[in-house]
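Colleague: Encoded as structure tokens, here's the structure I'll be asking about.
The values are calculated or read from the model by the stated rules, or taken from the named source; none is laboratory data. Since the model is a prediction, treat every value here as computed from it, not as a measurement. Positions of Cβ are backbone-derived with ideal geometry, glycine not excepted, and every protein chain shown enters the neighbour counts.
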Amino acid sequence: MATLHLTLKRRWFIDILRGIKKEEYREIKPFWTQRLHEQFETVTFRNGYRNGSPVMVLEFRGLEVKEIVHPVSGELVTVYAIKLGALLTTSDCDGLKEGTGAQARTVPHADAGGDGGAVQHGAEGPDGAG
């Protein structure tokens, strides 16, 4: 089975690492529809593009379509919800899980689900492109 690779902003990366955020969102667009059609076993999240950026691998628990409140606009949007399972491995995440240092701060989320998401958790835009 395949691994889904996604890049996240720090606040969402930390929330997933700490077990607060159990799903990652992506807007329903042709790019994500095509990319998410595979059967995945794991999801690898990376916080940045440089060598040595924090990385974590979690179980992929499925995909569903749902409506969430956009964390910035407050509008109701339909998204792909990528369901996350157990944290399997981490690399270069020292201090992030425990909440040490200024890097580990997180911002409250707009929706009760804790993530606001695809809409934008990825790199720079809802489609993860950035």
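Colleague: Residue by residue through the stretch 1-42, note down the ones that are under 11 Å from the mean Cα position of the chain (by Cα) and β-branched (Val, Ile, Thr).
Modeller: Passing the criteria: Thr7, Ile14, Ile16.
Colleague: Here's a follow-up. Looking for something without any contact (Cβ under 8 Å) to a residue 40 or more places away in the chain, over 30 Å from Glu98 (Cβ atoms) and among the hydrophobic types (A, V, I, L, M, F, W, C) - is there at least one such residue anywhere in the stretch 51-64?
Modeller: Yes, the stretch 51-64 contains at least one residue that is without any contact (Cβ under 8 Å) to a residue 40 or more places away in the chain, over 30 Å from Glu98 (Cβ atoms) and among the hydrophobic types (A, V, I, L, M, F, W, C).
Colleague: Take the residues in the stretch 12-32 that are out of contact with any strand residue (DSSP E or B) (no Cβ under 8 Å at 6 or more places or on another chain) and surrounded by fewer than 18 Cβ atoms within 10 Å (Cβ to Cβ); name whichever of them is nearest to Leu96 (Cα to Cα).
Modeller: Checked the stretch 12-32; the qualifying residue nearest to Leu96 (Cα to Cα) is Arg18.
Colleague: Looking only at the stretch 25-72, how many residues end up being charged (D, E, K, R) and assigned to a loop (DSSP other than H, G, I, E, B)?
Modeller: 3
Colleague: Sticking with this structure for a sec: Among (1) of a type in the set (A, V, I, L, M, F, W, C); (2) at pLDDT below 75; (3) in contact with a strand residue (DSSP E or B) (Cβ under 9 Å, 6 or more places away or on another chain), there is one condition Val107 misses while meeting the rest; what is its number?
Modeller: (3)
Colleague: Which one is farthest from Thr3 (Cα to Cα) among residues in the stretch 33-64 that are surrounded by 15 or more Cβ atoms within 10 Å (Cβ to Cβ) and among the β-branched types (Val, Ile, Thr)?
Modeller: Within the stretch 33-64, the match that is farthest from Thr3 (Cα to Cα) is Val55.
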